[in-house]
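S.K.: Have a look at this one before I ask anything.
The values are calculated or read from the model by the stated rules, or taken from the named source; none is laboratory data. Not measured: the values here are computed from a predicted model. All Cβ positions, glycine included, derive from the backbone under ideal geometry; neighbour counts span all protein chains shown.
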Amino acid sequence: MKVNTKILQAIEAYNLSKIYKGTRVPALENISLKIDKGQIFTLLGRNGAGKTTFVRICATQLLPTSGTLRVSGYDVISQAEHIRKFISVVPQEGRPLRALTPWDHVYNWLKIRGEEKSIAKIKTEKILERFELLKVKDKPAMNLSGGMKQKILVAMATAVDADLLFLDEPTIGLDPVSRRQVWNLMQDLKKEGKTILLTTHYMDEAEILSDKIVIIDNGKIVKEGTINELRKIIPQNIRMDISKKNLDVDQLKDYGNVVEIGTDIIRLFTFESHISELSNLAIKNNISFNISPITLDDIFVYLVGNSIKNN
């Protein structure tokens with residue numbers, strides 16, 4: 001079964017909540033969002049923020065406690081079987097089977113999804129070549145590196161002709177070259193009209209790939225928008241990391257926002273016009289510092305910084 005082409009949204013969530021048995025604090029609390037078809041839509045959040053819970057509910061692996069969630073117009077509770085026919089998942093906790101080879105994993109998964117033997121062989125060879133796994137296609141997964149094992153999972157999910165892909169931290173543990181292989185594949189899938197729901201801790205990954213980003217913290221949506229819309233959240237345009245040594249923290253508040261205070265480093269969001277004065281202040285007091293433009297990482301810290309300090 002293919003995705004419902006008459007529906008414009010791939011995913012629609014309304015007041016979606018999830019409370020795990022034995023807990024009182026919601027993993028998700030009144031989440032409402034829409035994901036348009038043909039987008040790469042990214043969920044950002046700390047560990048435990050609720051990203052994986054949302055993905056698992058969308059993928060019909062987990063039931064919500066309350067609220068409504070539809071995938072291409074199908075309800076995740078009453079029409080789960082319809083949804084499973086046109087989605088594919090790279091789960092965060094997924095692991096390849098130790099005794100099976102990369103070829104076994106991809107080929108058998110394609111067969112399970114209904115591919116003819118001849119087509120499954122062609123697709124398996126193609127995807128393994130793309131991820132540079134052909135040379136190890138006959139080696140048991142137990143004898144492969146952690147990065148190669150992760151690539152097997154991504155290869156399995158992307159080899160099938162799924163209209164909607166759920167990629168929960170798909171590039172975790174991958175080297176820079178392998179990460180970019182996955183990025184290129186995601187961009188190609190988007191060009192083919194596929195929709196991707198991505199979770200990641202890599203801010204550069206989110207910044208490069210995402211059509212839209214939702215930042216979740218403590219089970220709630222903190223902010224959502226395009227990368228350009230999110231950039232406007234921070235009024236300043238410069239980040240300055242300054243050593244705490246010999247420094248009066250209160251003195252920095254006149255120059256901008258102090259949003260993260262670690263053990264040894266203070267992070268200040270300020271304006272370019274203050275760089276010279278702040279640099280002279282740091283040099284005069286023999287304080288080390290680093291200056292750089294605002295990034296998505298900074299936006300994330302700016303938005304969830306208070307909860308980070310309170311935890």
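Conditions tested, residue by residue: (1) over 14 Å from the mean Cα position of the chain (by Cα); (2) outside the structural domain of Val71 (by TED's automatic domain parsing); (3) surrounded by fewer than 19 Cβ atoms within 10 Å (Cβ to Cβ); (4) among the acidic types (Asp, Glu).
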| residue | (1), (2), (3), (4) |
| --- | --- |
| Asp211 | no, no, yes, yes |
| Ile216 | no, no, no, no |
| Lys220 | yes, no, yes, no |
| Arg231 | yes, yes, yes, no |
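S.K.: Against the conditions (1) at pLDDT below 95; (2) loosely packed, with under 15 Cβ neighbours inside 10 Å, where does His82 fall short? Just the number, please.
M.R.: Just one mismatch for His82, condition (2).
S.K.: Then there is this: Six or more apart or on different chains, Cβ atoms under 6 Å: show the pairs whose first residue is in region 10-26 and polar (S, T, N, Q) and whose second is in a loop (DSSP other than H, G, I, E, B) and surrounded by fewer than 19 Cβ atoms within 10 Å (Cβ to Cβ).
M.R.: Ser17/Thr65
S.K.: Would you be able to say whether some residue in region 292-302 is modelled with pLDDT under 90, hydroxyl-bearing (Ser, Thr, Tyr), outside any loop (DSSP other than H, G, I, E, B) and within 30 Å of Ile11 (Cα to Cα)?
M.R.: yes
S.K.: Looking for something at pLDDT below 95, polar (S, T, N, Q) and over 21 Å from the mean Cα position of the chain (by Cα) - is there at least one such residue anywhere in region 41-59?
M.R.: no
S.K.: Okay, next question. Collect the residues in region 132-152 that are surrounded by fewer than 20 Cβ atoms within 10 Å (Cβ to Cβ), farther than 9 Å from Pro102 by Cα and not small (Gly, Ala, Ser), keeping them in residue-number order.
M.R.: Residues satisfying the conditions are Glu132, Lys135, Met142, Asn143, Leu144.
S.K.: Also, I was wondering about something else. Among residues belonging to region 268-286 that are surrounded by fewer than 17 Cβ atoms within 10 Å (Cβ to Cβ) and touching a residue at least 12 places away in the same chain (Cβ under 8 Å), point out the one that is nearest to Leu230 (Cα to Cα).
M.R.: From region 268-286, those surrounded by fewer than 17 Cβ atoms within 10 Å (Cβ to Cβ) are 271-273, 275-277, 279-280, 283-286; that's our starting set.
Filter once more, keeping what is touching a residue at least 12 places away in the same chain (Cβ under 8 Å): 271-272, 275, 277, 279, 285-286.
Working: Phe271: 17, Glu272: 19, Ile275: 23, Glu277: 28, Ser279: 28, Asn285: 35, Asn286: 35 Å.
Among residues in region 268-286 that are surrounded by fewer than 17 Cβ atoms within 10 Å (Cβ to Cβ) and touching a residue at least 12 places away in the same chain (Cβ under 8 Å), the one nearest to Leu230 (Cα to Cα) is Phe271.
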